[in-house]
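Here's the structure, in structure tokens; my notes come after.
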Amino acid sequence: MLQRHCTIPGFLLITGLIVFSTIIPSYAADTLRKKDIPQIFLDEQDTLGLERIINYGRGLIEKEPDTARLLLESALVKSRQRHYTKGVISALAALSLSYEERGEYEKSIRGFQEAVKLCRGPYILFLPELYNNNANAYMALGNYPEAAINYYKAIKYANQLEQ
């Protein structure tokens, strides 16, 4: 019979991950406050840590939109403080998706448009996704001419990036 050995630090890490993954989603949206988010996410300062926060927040948009919004807002502020353009664009895009998920389409559109303005140089890779998501928000509002324009821009930049 095989025995599994677990070191104390390994056990604590696994226990912490299990507790973390069950605690955050269980908070009620109306009682969620910034102090409820583990300090490890709020203290992240490096760009890799900010990307981790953004990706985690993006994953929570549908199930825990309020938690996602707090994480993404925190990442946006920290990305701006560090002049980390990619982080600002990613956080704005994810925040805009969270607004769209909640039916706040005007806020969503403003966020996508702000992100588009930052897409210069290497960041033009974000444009197809940003324009496509912006078009989706316009569609939800019934603003079909603006949706068509944004879908066209998404296709145009996607084609440019393929070449």
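Data table
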{"quantity": "Prolate/oblate/rounded label for the range 34-163 (Cα gyration tensor, a/c 1.5)", "calculated": "oblate"}
{"quantity": "Zone residues, the range 73-87, relative to residue 46, backbone N less than 20 Å from point 7 Å out along Cα-to-Cβ", "calculated": "75-87"}
{"quantity": "Label-point separation, residue 117 to residue 160 (7 Å along Cα→Cβ), nm", "calculated": "1.9"}
{"quantity": "Neighbour cut-off at most 11 other Cβ (10 Å), DSSP loop, GluC sites (Glu not before Pro), the range 43-122", "calculated": "62"}
{"quantity": "Segment residue 125-residue 144, length gained on full extension (0.36 nm per residue, minus Cα span)", "calculated": "4.4 nm"}
{"quantity": "Cleavage-rule hits (trypsin sites (Lys or Arg not before Pro)) in the range 52-147: DSSP loop, at most 14 neighbouring Cβ within 10 angstrom", "calculated": "63, 82, 102, 120"}
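Here, each number is a calculation from the coordinates, and none is a lab measurement. Just so we're clear, the structure is a prediction, and the values are computed from it rather than from any experiment. As a convention, Cβ positions derive from the backbone with ideal geometry for all residues, glycine included, and neighbour counts pool all protein chains shown.
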